[in-house]
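Here's the structure, in C-alpha cells; my notes come after.
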Amino acid sequence: MENAHKFGSVVLLGPPNAGKSTLLNALLGQKLAIVTAKPQTTRNRISGILTRDDAQVVFLDTPGVHRVGGPMNRMLLTSAWNAAAQADVWIILLDADKYVRKPDLLDTEADPLKTGAASFAGPLILALNKVDAVGDKARLLPLMEKASRIWPRAEVMPISAAKGDGLDRLLARVLDCLPQGPPAFPEDQLSTAPLRFLASEVVREKLFMALRQEVPYGVAVEIENWVEEPGLTRIGALIHVAKEGHKAMVIGKGGSVLKEVGRQARLELKELIGGKVHLELWVKVRRDWTEDPAFLRSLGLGE
C-alpha cells in the first residue's frame, strides 16, 4: 500500500564533530542533543523521535567513531556500534568542509566506519555535511567520488544541518527506506531519554561552552535531587571533575563560572520542563573518573 504508515530507526554515525547532534536537532525541529564546537561532545546515545502523519522515525545520535583508547572512549564506541546494530537505516555523516581542505584525513578517519558498514546489509546514506562552508562547490565532486569508492553501496547526499540545506531530500529518502509499521511512541514524545538525563546534558553543554582546552572532557554531571512542586521543579546537580585543579576552573573567581553556567542552564531547563526551575550546582573532585568503568556505566556510557 502506497500510503501505509512507516516506522523504524535511523542511526547517525560519523567521526567526532561531523555535526550529528546538529543534524538530529534540525530533523526534529527543536533542540534535543547538546551541541558545541568542541569534538566528542556527545557521550551517550541520544534518541530523538520524529512523528508525522505518515511515519514515526527514531533517530539515534551517537558518540563520534574514532580510534582513541581508554575506558571512556571504548565505551563511547560501544554505544555507537550498539545503536548501529539496532537500526533499520544508517546515515554516515562526514564534515565535507574538513575533507575538502584535507582529503587525506578521510582515509584514516573513514576506516572504522568502513569496517562497520561492511557488516550492515540495510540502506546506507552518506551525508556530506557543512557544504555551506565550501565556497567552491566544484571541490565537492572529488570528495563525493572518493566517498563513493569507500562506501560503494551508499547514496551520497550533500547537506548543511546548520542551514537546513538538503534536509527535506534526506528525510524523504529515509522515509522511503523505512519498513511499514505502526507508531511505537505517543505523538508528543520527543525522546526515549529520561528528563533527568536531558537536564544533566543541558548542564554539561553549558560547562563545555564555558571551559577551556581539556577541562570540559574531565567533567561529568549527575542529577542528585529532583523534586517537583506545584509550579516549580527543584534540581540539584553534582559536577564531577577529574583533577583538583579543574575544580577551581569550574567554579571560577568568586563563583563566576558556576553562576553563569547555572543561569544559562536554568533558562534552557525552564523551556525543556515547561515551568519554573530552581537549579543548584555542586562541584566535587572524583579523581580520574574517566578511567573508572563502574562510574562510567553509572553515567549510562556504553548503553
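Only the coordinates and a few stated rules stand behind these numbers; no lab work does. Small disclaimer: the values here were computed from a predicted structure and weren't measured. Cβ placement follows ideal geometry from the backbone for every residue including glycine, while neighbour counts extend to all protein chains displayed.
For helix 195-210, report the angle its Cα long axis makes with the longest principal axis of the Cα atoms of the chain; keep it between 0 and 90° and round to the nearest 10°.
Once rounded, one gets 90 degrees.
Taking the 0 to 90 degree range and rounding to the nearest ten, how far is the long axis of helix 167-177 tilted relative to the main principal axis of the chain, both from C-alpha atoms?
Taking the Cα atoms of the chain, the angle to 167-177 is about 70 degrees.
Taking Cα pairs under 8 Å and at least six residues apart, what relative contact order does the chain come out at, in percent?
This gives 20 percent for the chain.
Could you check the simple spin-label distance between K270 and E244, using points 7 Å along Cα→Cβ, in nm with one decimal?
Placing both labels 7 Å along Cα→Cβ, they lie 3.9 nm apart.
Gaussian network model of the chain, Cα springs within a sub-10 Å range: biggest mean-square fluctuation belongs to which of T115, T22, T62?
Looking only at T115, T22, T62, the largest GNM fluctuation is found for T115.
Given 0.36 nm per residue, what is the gain on full extension from A294 to K146 after removing their alpha carbon distance, in nm?
49.2 nm
May I have the convex hull volume per residue, in Å³, for the Cα set of region 195-298?
Value for region 195-298: 88 Å³ per residue.
Hey, which aspartates and glutamates would be in cross-link range of K253, C-alpha to C-alpha under 16 Å, not counting anything within fewer than 8 residues on its own chain?
The qualifying aspartates and glutamates are E244.
Just tell me the longest site-free run in the chain, where the sites are trypsin sites (Lys or Arg not before Pro) in a DSSP loop having at most 16 other beta-carbon atoms within 10 Å.
Longest site-free region, per DSSP loop and neighbour criteria: 68-152.
Give me I125, I159, I239 ranked fewest to most by other Cβ atoms within 10 Å of their Cβ, as a rough exposure proxy.
Listing I125, I159, I239 from fewest to most nearby Cβ atoms yields I125, I239, I159.
Which of the lysines could a cross-linker span from K31 if the Cα-Cα distance has to be under 16 Å and same-chain partners fewer than 8 positions apart are dropped?
Within reach: K20, K163, K206, K270.
Just subtract the alpha-carbon distance of D136 and E280 from 0.36 nm times their residue separation and send over the number in nm, one decimal.
Here the segment from D136 to E280 would lengthen by 47.0 nm.
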